[in-house]
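To start, the structure itself, in structure tokens.
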Amino acid sequence: YRKIRRTNQFDAPPNCLDPRFRTNVQADVFSSVAARQKLADSHASTPLEFIEANPEKFPGVMELVESVGLGPIFGFRHDWNTAAILHFYATVFFHTSNRQISWMTGEQECTATFAQFQKALGMRASGVRIHASSQKEKAKT
């Protein structure tokens with residue numbers, strides 16, 4: 001799974017008959033990985049109160065959450081569209097070399113810079129690159 005996710009499916013020739021996906025790899029990730037692992041359910045609740053009350057179990061977590069402004073996002077408690085979340089996970093690609101993110105929503109391909117994506121989510125830039133492939137790249141600002 002990790003190996004195929006390193007390949008940018010937006011650079012690959014389109015080969016999927018389902019217009020929600022550019023490639024069969026994305027469709028397979030949607031049905032075989034994202035749905036099976038119930039990735040959308042992981043967003044149902046992030047227990048920040050529990051994490052805050054037990055810092056010894058979660059060293060540095062709240063500092064990271066606060067440094068990038070994830071508190072409001074983690075605290076978001078509303079109904080959501082599970083299929084849309086799984087679709088995002090199945091199609092998202094993080095371009096660490098040029099700091100962009102690409103994904104599909106419906107049949108639409110979308111691309112944004114990391115800064116645009118962070119701003120849309122109300123996050124602050126932290127200098128931490130969580131999707132970088134090496135520790136050296138993760139620390140770059």
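The values are calculated or read from the model by the stated rules, or taken from the named source; none is laboratory data. This one's a predicted model, so the numbers in the text were calculated from it and none came from an experiment. Positions of Cβ are generated from backbone atoms using ideal geometry, with glycine treated the same way; all protein chains shown enter the neighbour counts. We work out accessible area using only protein heavy atoms, side chains counted, and drop any ligands, DNA or RNA first. Shrake-Rupley method; radii C 1.70, N 1.55, O 1.52, S 1.80 Å.
A few notes on this one:
- Residue check, residue 101 at pLDDT 90 or above and open to solvent by less than 40 Å² (accessible area, probe 1.4 Å): yes
- Residue in region 61-75 that is under 19 Å from residue 90 (Cβ atoms), at pLDDT below 90 and open to solvent by 70 Å² or more (accessible area, probe 1.4 Å) present: no
- All of (1) surrounded by 12 or more Cβ atoms within 10 Å (Cβ to Cβ); (2) modelled with pLDDT under 85; (3) outside any loop (DSSP other than H, G, I, E, B) hold for residue 120 with one exception: (1).
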